[in-house]
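Please read the structure below before turning to the comments.
The values are calculated or read from the model by the stated rules, or taken from the named source; none is laboratory data. Computed from a prediction, not measured in an experiment: that's the story for all the values here. Note that each Cβ is placed from the backbone with ideal geometry, even for glycine, and that neighbours are counted across all protein chains shown.
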Amino acid sequence: MGSNKPIGIFDSGIGGLTVANSINKLLPNEKIIYFGDTLHLPYGSKSPEKINKYSEKIVKFLLEKNCKAIVFACNSASSTSFDTITKKYFEQTTFFNVIEPVIDYIKSSKNIKTVGVIGTEATINSQVYSKKISKTKKNILVKPMATPLLASLIEDNKSVFFSNSILKKYLQSKLLKGIDSLILGCTHYPIISQEISSFFKDSIEIISSDKLLSCYLNNTLKKKNLLSSNVNPIRHQFYISDYSKSFQIKSKMFFKSEIILEEQNIF
Ligand code: DGL
């Protein structure tokens, strides 16, 4: 039994490749179809209506590819568009977002008392983490803070980025004072989780959705008897809506092995 149909994954760009990478590691028999909307990057500064419009087009594209599961590998899209889109298409596939596994983890954790959240403006303005956490665990204090420059700085150049002080400036903010854990509320941030942890002298817990999502996906697909039985070498497919050589080069940073990005403008 099971299903050898692909898993669709999408993000505003190539940040969601951190999620794809984690899924690929945990579930090497699964075929991945990735879509990065590099034409409309960044989503983080766009209105919920715009993010909704782009995300729906991508979901339709992945449904046409017959995906058994679709992962919103973008916090900005997960927080603004997931509910609206899944209401419309829930009968056609199983949907996942990068927020729910984090909320589940926090629900089960005993040590978290004050949790910070960093993410794009779209994610932080949606208040999704604060609302969902306060629904499940009333005694946890949530401290959200938008870090709008981080995603593009990470993409631009990791090494230059770390020699400058922007990360430090953000993390020093009063808004994050007293936190015992920090949610990386953007799929670009796992790339710098070590640097973030070092800033806090490894004294706080860093909560990253990439690994939590892949475990959550694995459990759900197992329960639904949808895991692949494929043992042949798998050729994943990676599409971006606006190709550039620089994205091709950067992709290696996010997806740890060599991949070929194909341009596909679906808009
Ligand atoms: N990777 C996206 C997210 O998780 C952030 C990048 C963007 O602003 O498009 O929200």
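Observations on the model:
- A search for C-beta distances below 6 Å between a residue of the range 133-158 that is in contact (Cβ under 8 Å) with a residue 12 or more places away in the chain and any residue that is within 11 Å of the ligand (Cβ to nearest atom) and charged (D, E, K, R), counting only pairs 6+ apart in sequence or on different chains, returns A146/E121; P148/E121.
- For the range 18-35, the condition holds for at least one residue, the condition being that it is modelled with pLDDT of 95 or more, in contact with a strand residue (DSSP E or B) (Cβ under 7 Å, 6 or more places away or on another chain), charged (D, E, K, R) and buried (at least 22 other Cβ atoms within 10 Å of the Cβ).
- Test: residue in the range 123-133 that is buried (at least 19 other Cβ atoms within 10 Å of the Cβ), assigned to a loop (DSSP other than H, G, I, E, B) and out of contact with any Leu (no Cβ under 8 Å at 6 or more places or on another chain): no
- Pairs are defined by a Cβ separation below 6 Å, a sequence spacing of at least 6 or placement on different chains, a first member in the range 168-186 that is under 21 Å from I133 (Cα atoms), and a second member that is among the hydroxyl-bearing types (S, T, Y) and outside any strand (DSSP E or B); the pairs so defined are G185/T123; C186/T120.
- Residues within the range 98-125 that are over 23 Å from Q172 (Cα atoms), polar (S, T, N, Q) and within 17 Å of the chain's Cα centre (by Cα), tallied: 0
- Residue match in the range 162-171 (condition: within 16 Å of the ligand (Cβ to nearest atom), modelled with pLDDT of 90 or more and within 22 Å of the chain's Cα centre (by Cα)): yes
- For A151, the conditions (1) at pLDDT 95 or above; (2) farther than 19 Å from F96 by Cα; (3) buried (at least 19 other Cβ atoms within 10 Å of the Cβ); (4) not basic (K, R) all hold with the exception of (1).
- Matching residues, the range 1-13, being crowded, with 24+ Cβ neighbours inside 10 Å and more than 10 Å from the chain's Cα centre (by Cα): I7, G8, G13
- For the range 98-115, the tally of residues that are away from the ligand (no atom under 16 Å from the Cβ), outside any loop (DSSP other than H, G, I, E, B) and in contact with a strand residue (DSSP E or B) (Cβ under 9 Å, 6 or more places away or on another chain) stands at 4.
- Considering residues of the range 209-239 that are closer than 29 Å to I266 by Cβ and of a type in the set (G, A, S) only, the residue surrounded by the fewest Cβ atoms within 10 Å (Cβ to Cβ): S228
- Those residues of the range 135-148 which are more than 18 Å from N75 (Cβ to Cβ) and at pLDDT 95 or above, in sequence order: I140, L141
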